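Notes to accompany the following structure.
The values are calculated or read from the model by the stated rules, or taken from the named source; none is laboratory data. In this text, all values refer to a predicted model and were calculated from it rather than measured experimentally. Here Cβ is always computed from backbone atoms with ideal geometry, including for glycine, and neighbour counts include all displayed protein chains.
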């Protein structure tokens, strides 16, 4: 499984995924060669799945975020598949989650302002297939958004 060096590498990568190999090795108390091999192994094992850019959509002019809790018409056996396939095509949908329970799907939708949100809602969201019910929750503040795991 993971040893102490692997854990140190993972903690540093979570803090700074773009850290150069030499700086990473220095920070974890290893050599660049060993660190590079360990990181390659962690990738091969599927533990590290790559690095990505985290873009601040608010900095790009998106000021509104709405969480939509959606209940689907489950009388259609393809309700989930059809809905998710269509929801993926809406550029303003930045997250899709599925659940067991009364709520089937949650969408995070961003918009530039409330007028833009109303347009997206009327022209895109309401046309998604198999919707039985929608509850909208206006995002007020993001208190915690870490994806850092305790390794």
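Some points to look at:
- Residue tally, condition touching a residue at least 12 places away in the same chain (Cβ under 8 Å), in a helix (DSSP H, G or I) and surrounded by fewer than 17 Cβ atoms within 10 Å (Cβ to Cβ), over the stretch 9-26: 4
- Filtering the stretch 84-103 to residues that are surrounded by 15 or more Cβ atoms within 10 Å (Cβ to Cβ) and closer than 19 Å to residue 137 by Cα leaves 87, 90, 92, 93, 96, 103.
- All of 6, 82 fail the test of being more than 22 Å from residue 108 (Cα to Cα), out of contact with any strand residue (DSSP E or B) (no Cβ under 6 Å at 6 or more places or on another chain), modelled with pLDDT of 95 or more and not in a loop (DSSP other than H, G, I, E, B), apart from 6.
- Check on residue 81, in contact (Cβ under 8 Å) with a residue 40 or more places away in the chain and surrounded by 11 or more Cβ atoms within 10 Å (Cβ to Cβ): no
- When the stretch 35-54 is limited to residues that are in a helix (DSSP H, G or I) and out of contact with any helix residue (DSSP H, G or I) (no Cβ under 7 Å at 6 or more places or on another chain), the one that is surrounded by the fewest Cβ atoms within 10 Å (Cβ to Cβ) turns out to be 44.
- Which numbered condition residue 31 misses (of (1) farther than 24 Å from residue 147 by Cα; (2) within 23 Å of the chain's Cα centre (by Cα)): (2)
- Of all residues in the stretch 129-143, those satisfying the criterion of being surrounded by 11 or more Cβ atoms within 10 Å (Cβ to Cβ) and part of a loop (DSSP other than H, G, I, E, B) are 129, 130, 139.
- Note on the stretch 104-128: residues that are part of a loop (DSSP other than H, G, I, E, B) and buried (at least 17 other Cβ atoms within 10 Å of the Cβ) total 3.
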